[in-house]
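This report concerns only the one structure given below.
The values are calculated or read from the model by the stated rules, or taken from the named source; none is laboratory data. Owing to the predicted nature of the structure, the values given are computational and were not obtained by experimental measurement. All Cβ positions, glycine included, derive from the backbone under ideal geometry; neighbour counts span all protein chains shown. Protein only, heavy atoms only, side chains kept; ligands, DNA and RNA dropped before computing areas. Shrake-Rupley method; radii C 1.70, N 1.55, O 1.52, S 1.80 Å.
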Amino acid sequence: MFSFEGDAAWWRAAFETASGLPGELAEPVQLTCRAQRVGSDIHLEGGVEGVVELECSRCLARYRHRFSDAFRFVLEPAGNRVPADPEGAAALARDGLCLGDELETGWFRGSEIDLEPIFVELVSLALPLKPLCREDCPGLCSRCGANLAVARCDCEQKGLDSPFAVLAGIRDDLVRGGN
Ligand SMILES: [Zn+2]
Ligand SMILES: [Zn+2]
């Protein structure tokens, strides 16, 4: 069993070179991995988890997001094969490991495998594409920019955004006219 803990410094170093920093790490990333030889193949199985501070894509507030994901790879010896995509070929030469598109199977070469690039990829896959501070975050008012997650503005009361504003006006007139 192999385990690794990535702190905030590791996080910054890993993501600034990869896909760009998704947010600041709030609690260390825990990685666990079990490697097993099955014939000439290597089976890798484990998980990643951590807490990261993300920015809500609706209200722009920063919030803590706990992520966790499990993984399982079957790696075959690459032998003399070279991956068709240049990125995979570079990874195999550099890290001794490259994964297929589905991240389930891959090739390895040599006696040492550098798992760190894979871990970084797994963590980025475990993060939400569209971060939300909560599932039903109402976001910002499109009219005045107020954060509706914190307090309501009075734009809605004025009825400016409502397609029924006109109808409501007519109804008010009718009511008034009836008196
Ligand atoms: Zn939000
Ligand atoms: Zn408003």
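Quick notes on this structure:
- Largest accessible area first, the residues Ser3, Ser124 order themselves as Ser3, Ser124 under a 1.4 Å probe with ligands, DNA and RNA left out.
- Evaluated over the Cα positions of the range 43-91, the convex hull gives a direction-averaged projected area, one quarter of its surface, of 5.8 nm².
- A full extension of the chain between Arg152 and Ala13 corresponds to an added length of 46.0 nm, given 0.36 nm per residue minus the alpha carbon distance.
- Stretch gain in nm, segment Leu60-Ala35, where the contour uses 0.36 nm per residue and the Cα spacing is subtracted: 5.0 nm
- Measuring between their Cα centroids, the range 108-157 and the range 1-77 lie 15 Å from each other.
- nm² value of the averaged projected area, convex hull over the Cα atoms of the range 18-100: 7.3 nm²
- Phi angles across the range 114-129 convert, under the Karplus curve 6.51 cos²θ - 1.76 cosθ + 1.60 with θ = phi - 60°, into 3J(HN,Hα) values of 8, 8, 4, x, 5, 4, 4, 5, 4, 5, 5, 6, 7, 8, x, 5 Hz, Gly and Pro given as x.
- Summed side-chain charge close to Glu45 - residues other than Glu45 whose Cβ falls under 10 Å, Lys, Arg +1, Asp, Glu -1: +2
- Estimated inter-spin distance, Glu24 and Ser111, nm [label 7 Å along Cα→Cβ]: 4.4 nm
- Around the Cα centre of the range 1-45, unit charges on the Cβ atoms of Lys, Arg, Asp and Glu (plus for the first two, minus for the last two) sum to a dipole of about 200 debye.
- At R0 = 25 Å, FRET efficiency that the Cβ-Cβ distance of Arg81 and Glu45 yields, to 0.05: 0.55
- Convex hull of the range 1-157 built on C-alpha atoms - directionally averaged projected area, nm²: 11.3 nm²
- Net charge contributed by nearby residues that have their C-beta within less than 12 Å of Cys33 (K/R +1, D/E -1): 0
- By definition, a body whose alpha carbon gyration tensor gives a ≥ b ≥ c is prolate when a/c is 1.5 or more and a/b is larger than b/c, and the range 68-163 fits this prolate description.
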